[in-house]
Amino acid sequence: GREELAQLLHQMSGGSYPRYKDLIGKWGLMDATTLFFDRIQSDPYAPPSRARLRVELSSSGFDTDLYSSRIRQTAFCDFLTRKFWRVTHDAHMDRTTGGGGWSGPKGGNLNIDKPSQHVLERTSCLIVDDCFIEMRFTVNLPARGRTIQGQEAASILTERLPNVVAEVLFAQSEDSQKLLQHVTSIEDQEFTRNVSLGEHGLVAFVCNGAVLPRSSGADDEPMDESAAVPFESPESLFCEIELPSGKKVQGMGIKPGISLIVGGGFHGKSTLLAALEVGIYNHIPGDGREFVCLNKTGVSIRAEDGRSITGVNISPFINNLPFGKKTTSFCTPDASGSTSQAANIIEALEAGAKVLLTDEDLAATNFMMRDQRMQQLVPSSKEPITPMIQRIRSLYEEEGVSSILVIGGAGDYFEVSDLVVMMDCYKPRDVTNEAKSIASSFPSGLKLSDSPSDIFKTNKKRLIASDSVQRIAKSGRGKISVRVKGTIEFGSTEIDLSAMSQIVETSQTRAIAVALESIAGMSVLDRDGIGACVRKLMSEVDATNLDAMNSRGERQGNYARPRAIEIHGALSRLRGVDLSR
Ligand code: ADP
Ligand code: MG
């Protein structure tokens, strides 16, 4: 128990640091609460030691309704993780929970994976075996030089930690209302995305009153309320959604098809699109983007020159490359703007995307369109690129894939669009009719040619050689790690994910990294392709929890759930992979 643990720590005091390894194992910390040490740091400067707490749900005092479904569990655990983080990082709370005032400036010796504004399934907190809350965190075990400071360690683990546990992992009447609101809001948001969008025939919804702009480019918290203009739907796009909680939300519904967001520079176009991109996630109450929902298969598409491409059929967009390089199974270690954008689209389709989002700011201009004058100067036979404007309708009509585009300059798109929304001082206006009448009074002269049918039907299954992925994974001493959100070190190579803007937490990148390793070990990769293997892995995660991402069976506390689409995207960007034959 707790006394035993305290005693051991006092005995260790003054001993050499590796003696801390005796902590490995399990300790009854307090009533209904077990503390586990899984890994002990080898010295005070190494990454901190990994620990877990298990609290019996039946003793925790939380209402069973708070965790009675998967999405409620996600929301419940998210709330507890945030609270654990606050309690261990807030100087004031630290004092009230017995921090003793000596804990370090970086938030002390207890730490947990810090969540973003989004509510994701994470391994920092899980419900296990339907009867425990498991919280995974790290402890920096104190030392003077390399000598164990047993008193301090005992104070962290047997005084401070129990206070944190009592505060976070047992129901508190003062925040029970907030916890219930958190769970209810997340469940309502999830329902809106997964059920209401479909029922109302929409691909996206933006709630009235939403605060879309962020406080800065580096800070994802909402812009100050006094500065932000709240979202307000145009009348023609108004829609009301009834939520499971009985509440109703009103806002702008976007139907399937081709939707343009137009408007002057600085009027809020990119801000709206960026909010839609992360509309695949639920957000914490107060974020401002609650009930900004996008079809869960929505993918942000941009140009990404320099990326690696392996075996992608980009021929719907790119043909007749100089020197006869074929584009039905295109490979390059260094793609151009337009070929990378084409590959991003084809891979998104392969991964099941039904909505594509593109901001003209981040697109390759020659990929988006070619105007009449350029069509005349450079004959189509000399131009490898068939621009997006030529294919966007068949993408929708034949594949059911909608597009939402921010367009500031290319009015030719009026001709192929179903909806034109103009952002005017941060307020949307439906200008579809005006745009259509302009398109007919001022013909662009653009020749739109019909796409051959079935043009997107080929090559939905790319077969990758699993041994090549394993070889890469094992190269460079087999290190698989993540330091920043956008980069995975995979063996001796690096995978750059920075163009995938829908990865919102470094912990998702970590989960993607171990997922790639697990997928490399699937022999069916050669036969069934990337999509099938990613689906297989995700169905294991659905049947159990996020630990299933990691084939090494470790219980890490710093994974967050990525979509299958992002795992697919990461594997597609891996350099040096072979196609299986
Ligand atoms: P655009 O893409 O049309 O050029 P942006 O979306 O980049 O414009 O927005 C320009 C600026 O306006 C940004 O600094 C953004 O934070 C701010 N902004 C966007 N939407 C709002 C809003 N609803 N209220 C207040 N400021 C906003
Ligand atoms: Mg912009």
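Just so it is clear, none of the values below were taken in a lab; they were calculated from the coordinates. Given the structure is predicted, the values throughout are model-derived calculations rather than measurements. All Cβ positions, glycine included, derive from the backbone under ideal geometry; neighbour counts span all protein chains shown.
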- Mean separation of Cα pairs under 8 Å and 6+ residues apart, divided by the residue count of segment 2-171: what relative contact order is that in percent? 32 percent
- residue 239's amide H: which non-local residues (gap 5+, or another chain) put their own amide H closer than 5 Å, with H modeled 1.01 Å from N in plane and none for Pro or chain starts? 251, 253
- Message: Please list 3J(HN,Hα) in residue order for segment 243-249, calculated via the Karplus relation 6.51 cos²θ - 1.76 cosθ + 1.60 where θ = phi - 60°; whole Hz, with x for glycine and proline.
- Response: 9, x, 6, x, 6, 10, 10
- On the formula 1/(1 + (r/R0)^6), with r taken between the Cβ atoms of residue 4 and residue 166 and R0 of 30 Å, the FRET efficiency rounded to 0.05 is 0.95
- residue 22 and residue 374 label points (each 7 Å along its Cα→Cβ direction) are spaced in nm at 7.3 nm
- Sequence-distant lysines (8 or more away, or on other chains) whose Cα lies within less than 23 Å of residue 21: none
- Query: Dipole size in debye (nearest 20) for segment 466-573 around its Cα centre, Lys and Arg Cβ +1, Asp and Glu Cβ -1?
  - Reply: 180 debye
- Message: Between residue 215 and residue 441, what is 0.36 nm times their sequence separation minus the Cα-Cα distance? Round to one decimal in nm.
- Response: 77.2 nm
- List, in order, the whole-Hz ³J(HN,Hα) value for each residue of segment 368-385 obtained from phi through the Karplus relation with A = 6.51, B = -1.76, C = 1.60 and θ = phi - 60°; use x for Gly and Pro. 6, 6, 9, 7, 4, 5, 5, 4, 6, 6, 10, x, 3, 5, 9, 10, x, 8
- Go through segment 520-529 residue by residue and turn each phi into a ³J(HN,Hα) via Karplus (6.51, -1.76, 1.60, θ = phi - 60°); whole Hz please, and just put x for glycine and proline. 4, x, 8, 5, 6, 4, 5, 9, 9, x
- Item | Computed over the chain: relative contact order in percent, which uses C-alpha pairs under 8 Å that are six or more apart | 13 percent
- Item | Whole-number percent relative contact order across segment 1-56, with pairs defined as alpha carbons under 8 Å at least 6 apart | 29 percent
- Note on the structure: Placing each pseudo-label 7 Å from Cα in the direction of the beta carbon, residue 68 and residue 484 end up separated by a distance in nanometres of 4.6 nm
- Item | Cut-off 14 Å (backbone N to label point 7 Å along Cα→Cβ of residue 580), residues of segment 470-496 | 470-471
- Within segment 445-488: backbone nitrogen closer than 20 Å to the residue 498 label point (7 Å, Cα to C-beta): 481-488
- Note on the structure: Residues meeting the amide H criterion for residue 283 (H placed from the backbone, H to H distance under 5 Å, 5 or more places apart or on another chain) are 119, 291
- By how many nm would the segment from residue 159 to residue 255 grow when fully extended, if each residue of separation counts as 0.36 nm and the alpha-carbon distance is taken off? 29.0 nm
- residue 34 versus residue 176, label points 7 Å from Cα toward the beta carbon: distance in nm? 2.8 nm
- Query: What FRET efficiency, computed as 1/(1 + (r/R0)^6) with R0 = 60 Å and r the Cβ-Cβ distance, is obtained for residue 200 and residue 45, rounded to the nearest 0.05?
  - Reply: 0.60
- What residues qualify as long-range amide H neighbours of residue 214, i.e. H under 5 Å apart, gap of 5 or more or another chain, H built at 1.01 Å from N? 223
- Message: How would segment 2-171 be classified by its alpha-carbon gyration tensor: rounded, prolate or oblate, with rounded meaning a/c under 1.5 and the a/b versus b/c comparison settling the rest?
- Response: prolate
- Among 71, 60, 36, whose Cα sits farthest toward the positive end of the charge dipole of segment 34-78 (+1 at Cβ of Lys/Arg, -1 at Cβ of Asp/Glu, about the Cα centre)? 36
- What full-extension length gain, to one decimal in nm, is calculated for residue 544 and residue 463 as 0.36 nm per residue of separation minus the Cα-Cα distance? 26.4 nm
- Item | the chain, dipole about Cα centre (Lys/Arg Cβ +1, Asp/Glu Cβ -1), debye to the nearest 20 | 1920 debye
- Message: Could you tell me which residue out of 367, 288, 183 lies farthest along the dipole of the chain toward its positive end? Charges go on the beta carbon: Lys and Arg +1, Asp and Glu -1, centred on the Cα centre.
- Response: 367
- Task: Scan the chain and report its longest stretch carrying no chymotrypsin sites (Phe, Trp or Tyr not before Pro) that are both in a DSSP loop and have at most 13 other Cβ atoms within 10 Å.
- Result: 267-581
